[in-house]
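Notes follow once the structure below has been shown.
The values are calculated or read from the model by the stated rules, or taken from the named source; none is laboratory data. All values derive from a computational prediction rather than experimental measurement. Methodologically, a virtual Cβ is constructed for each residue, glycine included, from the backbone with ideal geometry; neighbour enumeration extends over all protein chains shown.
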Amino acid sequence: MKSLAPILLLVLTVPVGAEEVDRAQLALFGKLPAEWPNPQNALTPEKITLGRMLYFEPRLSLSQEISCNSCHGLETFGVDNKAFSDGHAGHKTGRNSPTVYNAAGHLAQFWDGRAADVEAQAKGPILAGGEMAMPSPEHVLKVLNSIPGYKPLFAAAFPGEADPINYDNVAKAIGAFERKLSTPSRFDDYIDGKDDALTADEKRGLSKFLSTGCTACHNGPTLGGMLYQKFGLVKPWPFLNDEGRSKISGNEAEKGFFKVPSLRNIAETGPYFHDGSVNSLELAVAMMAEYQLGRTLPTEDVADIATFLKALTGRVDKAYIAAPALPENGPDTPAPKHD
């Protein structure tokens, strides 16, 4: 009679509740690219260097205290982990600040999609009264022209231009920097065929993520960011008082629609949703299942899906996001204003 020991060993090494992932379904995602090129904005080292500096530049705000990095902190996965960010003179932003990581891969920018790309998005907060509060593009250029160190940097980033310090180029430089803010994770290694890149628990969570129907909205390399969806698709969302996409499109049928957020780095980018109303990843998963899919998930399934989502926390290039030294003020640099 053959020994049962090898069979028992095999059984005991298979995790309880483990589920096989159908690798064919991974085609719903695809590996995260290292960058998202823009044919109208070539990614040159000089432009990226300037864009990094402008991203960290607080003098692009009226108080000279707020930069892009203030609300989209690169050391904290592209967010500030606040429900609403702090803008000029203590003003709070009207919506939660989404992560800038991998955002260049989305179909549009902002929760309502009002900016076509990261270059267009970069122009908005600088001039928004409740955010960086610069009074006009002309004032932005006055500040930049008053800082001697920026002149050669703009000239190198935009060679051949008679007047390279212009507002379009500010946005192009910031956008070029953001287009390489990619955070590949162990999930990409798994997609690439490395089966042990995910743990058994994470694979079980992925299997439930797939079978629950989450991929109806959260698909593509960024696992979201590629369509607009109604908040409370199946069951009305409680206390929804934001018109969302319809305010931009003028289409009443899009009332309450928002851009589906990416799930990349989701475990690190709370609080969640456009209103920052939920702090717990597990609660966010349960609510999405209930209000978007009409499903009440068992606590175990919620926990498993959240376990998978944590595997989407990516690798950040620390050298790429390191805060640069900024040029000193010139004698004519305007003084900051705080009101």
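When restricted to residues that are of a type in the set (Val, Ile, Thr) and in a loop (DSSP other than H, G, I, E, B), segment 270-310 contains 1. Residues in segment 97-125 that are without any contact (Cβ under 8 Å) to a residue 40 or more places away in the chain and farther than 21 Å from residue 87 by Cα: 116 alone. From the list 284, 335, exactly one residue is buried (at least 18 other Cβ atoms within 10 Å of the Cβ), on the phi < 0 side of the Ramachandran plot and not polar (S, T, N, Q). Which is it? Checking each option against the conditions leaves just 284. Counting only helices (runs of 4 or more DSSP H) that fall entirely inside segment 1-82 and contain at least 2 residues that are on the phi < 0 side of the Ramachandran plot and at pLDDT 95 or above, the qualifying elements are 45-55, 68-71. The set of residues in segment 67-103 being surrounded by fewer than 21 Cβ atoms within 10 Å (Cβ to Cβ) and under 23 Å from residue 325 (Cα atoms) consists of 69, 70, 73, 75, 76, 80. Here residue 267 meets each of (1) assigned to a loop (DSSP other than H, G, I, E, B); (2) assigned by TED's automatic domain parsing to the domain that holds residue 194; (3) aliphatic (A, V, I, L, M); (4) under 21 Å from residue 76 (Cα atoms) with one exception, condition (1).
Of all residues in segment 311-339, those being in a helix (DSSP H, G or I) and either assigned by TED's automatic domain parsing to the domain that holds residue 143 or free of Cβ contacts under 8 Å to residues at least 60 places away in the same chain (or both) number 2. Scanning for something outside any helix (DSSP H, G or I), more than 21 Å from the chain's Cα centre (by Cα) and either within 29 Å of residue 85 (Cα to Cα) or not assigned by TED's automatic domain parsing to the domain that holds residue 292 (or both), does segment 214-222 turn up at least one residue? No, that holds for no residue.
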